[in-house]
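Heads up: the structure comes next, in structure tokens.
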Amino acid sequence: MSEGVVIVGSGQGGFQLAASLREVGFNGPITLIGEEPGLPYQRPPLSKAFLKGEADAEHLELRPASFFAEHRIELAAGVRVAAIDRAARRVKLGSGASLAYGHLVLATGARNRPLAVPGAELEGVFYLRTLADAVALRARLSTPSRVVVVGAGFIGLEFAAVARALGHEVTVLEFAARPLGRAVSAEMSAFFFAAHRAMGTDVRCGAGVARLHGAQGRVDAVETADGTVFPADLVVVGVGVVPNVELAVEADLPVANGIAVDEFLATPDEAISALGDAASYPSRHAGTTVRLESVQNAADHGRALAARLVGRPVPYAAVPWFWSDQADLKLQMVGLAMPDDRAVLRGDPASRRFSVFRFHERRLTAIESVNRPADHMLGRRLLAGAPRLTPEEAADESFDLKGLLTR
Ligand code: FAD
């Protein structure tokens, strides 16, 4: 690989790949190109500690500037890759310059799905993906506001918890029948619905947003499909993301809900791979192709790809896991469940410490835990193998889960 590895996207996955390449002994040039300014940083605190004012931008940096120099990682920040010339093995930059690659990695992540209703362009409507988004939003949270959050996914609910803790009036409008509907069991949704209501947030499900109203260019209300109007000084939209696949599409690489890669994170072009939020890959755990949006997924993809690029390919099979902090509730999830997978409760939700074990027929597929990190950690080990836990054992609090590891 005479021209070295060029990584497009300096987020969680792109950064991890660069760092892991050096860890596994890759000696060639590494160029990490990122459209955002500054050093690579972690996004999770943007909707948590950073927004609350408990962490500053420097605390989010994945490594200090010296790390990149010491590890000979050329960081091109504030630089956009505009196109890929596969025949010449070069990328074209936004400036018009071009750069040769031996291997190209698309770690382009995802961007917010825009709210497609009249009024969405009004001032006072915010999204939360980048540090710049979070800086703008944090500044707005210094004045008491009526906040309407559109979307009860993880980011919407994390933001709602922070906004309530800061004393704002908060309404969450969710189009679907329950919060976190795409991600967790109905039992876990019900728990978070009740928990946010208990925090004083007005959570409405089945409430699709039809339009935003404003005066002098500023948003002042949100109207739902049934004609209900919710006054708002500030609207935060969290209605999901779309993967950044345009470079791949224009380069004629296959795309299907993400840049399509195989279990080695390879595209059909042997000189191009993709990873993280942008990539869809065949998952051993789901038994189908998935595109996941999590730190674990992006970072483990980075590690797996680094190993392949130094000649040690192993099919990607890491156990997927995820977390979300909402007020004093730490939700941790491990594994991948299908919507119809059975839910078995372990512990009492009223104690705010419990888990939901998911089963496909009698096979454990995932564990969702609230304030029970031991269940989560155990789940990571169990799901890495072929767990032999029955639904009856999962429901029995006296059953020793740890014993399973030696069974
Ligand atoms: P990203 O980190 O998004 O990085 C992609 C980068 O590529 C971006 O900087 C983008 O600007 C750049 N890029 C795109 N196109 C180009 C181009 N053409 N040229 C140059 N650069 C380009 N996950 C969890 O597991 N737990 C959490 O609690 C959690 N909380 C989150 C909270 C927030 C507010 C957000 C936004 C995300 C959260 N996530 C969480 C998700 C997690 O941060 C992402 O899954 C992870 O960052 C994905 O890494 P990535 O490298 O694939 O993409």
**Request:** Tell me which of these residue 30 doesn't satisfy, since it passes every other one: (1) more than 6 Å from the ligand (Cβ to nearest atom); (2) open to solvent by less than 50 Å² (accessible area, probe 1.4 Å); (3) farther than 20 Å from residue 78 by Cα.
**Result:** (3)
**Message:** Could you list, ordered by first residue, the pairs with Cβ atoms under 6 Å in which the first is in segment 328-341 and within 11 Å of residue 365 (Cβ to Cβ) and open to solvent by 20 Å² or more (accessible area, probe 1.4 Å) and the second is outside any strand (DSSP E or B) and at pLDDT 95 or above, at least 6 apart or interchain?
**Reply:** 336/320
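Might you check whether a residue that is part of a loop (DSSP other than H, G, I, E, B), open to solvent by 40 Å² or more (accessible area, probe 1.4 Å) and modelled with pLDDT of 95 or more occurs anywhere in segment 278-288? First the steps, then the outcome.
In the first step, residues of segment 278-288 are kept if they are part of a loop (DSSP other than H, G, I, E, B); the result is 284-287.
Adding the requirement that they be open to solvent by 40 Å² or more (accessible area, probe 1.4 Å) leaves 284, 287.
With modelled with pLDDT of 95 or more added as a condition, the list becomes none.
No, every residue in segment 278-288 fails to be part of a loop (DSSP other than H, G, I, E, B), open to solvent by 40 Å² or more (accessible area, probe 1.4 Å) and modelled with pLDDT of 95 or more.
Quick grid of which residues meet (1) polar (S, T, N, Q); (2) under 20 Å from the mean Cα position of the chain (by Cα):
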residue: 27; (1), (2): yes, no
residue: 32; (1), (2): no, no
residue: 52; (1), (2): no, yes
residue: 57; (1), (2): no, yes
residue: 69; (1), (2): no, no
residue: 77; (1), (2): no, no
residue: 86; (1), (2): no, no
residue: 89; (1), (2): no, no
residue: 98; (1), (2): yes, no
**Message:** Of the residues 104, 62, 93, only one is farther than 30 Å from residue 229 by Cα and crowded, with 19+ Cβ neighbours inside 10 Å; which?
**Reply:** 104
**Fill in**
Of 204, 211, the only residue that is open to solvent by 40 Å² or more (accessible area, probe 1.4 Å) and touching a Leu at 6+ places or on another chain (Cβ under 8 Å) is 204
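Right, residue 46: crowded, with 16+ Cβ neighbours inside 10 Å, within 15 Å of the ligand (Cβ to nearest atom) and not in a helix (DSSP H, G or I) or not? So that I can check it myself, show each step before the final result.
Details: crowded, with 16+ Cβ neighbours inside 10 Å: yes; within 15 Å of the ligand (Cβ to nearest atom): yes; not in a helix (DSSP H, G or I): no.
Judged against the criteria, residue 46 is not a match.
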**Request:** For residue 20, work out the one condition from (1) under 25 Å from the mean Cα position of the chain (by Cα); (2) open to solvent by 20 Å² or more (accessible area, probe 1.4 Å); (3) modelled with pLDDT of 95 or more it doesn't fulfil.
**Result:** (2)
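So for segment 127-137 (the condition being more than 18 Å from the chain's Cα centre (by Cα) and either assigned to a strand (DSSP E or B) or in contact (Cβ under 8 Å) with a residue 12 or more places away in the chain (or both)), does at least one residue qualify?
Quick first cut of segment 127-137, residues more than 18 Å from the chain's Cα centre (by Cα) only: 135-137.
Of the ones still in play, those that are also either assigned to a strand (DSSP E or B) or in contact (Cβ under 8 Å) with a residue 12 or more places away in the chain (or both) are 135, 137.
Yes; the residues of segment 127-137 include at least one that is more than 18 Å from the chain's Cα centre (by Cα) and either assigned to a strand (DSSP E or B) or in contact (Cβ under 8 Å) with a residue 12 or more places away in the chain (or both).
The values are calculated or read from the model by the stated rules, or taken from the named source; none is laboratory data. What you see is a predicted model; the values in this text were computed from it and never measured. Every residue, glycine as well, gets a Cβ built from its backbone with ideal geometry; the counts of neighbours run over all protein chains shown. All accessible areas refer to the heavy atoms of the entire protein, side chains included, with ligands and DNA or RNA removed. Shrake-Rupley method; radii C 1.70, N 1.55, O 1.52, S 1.80 Å.
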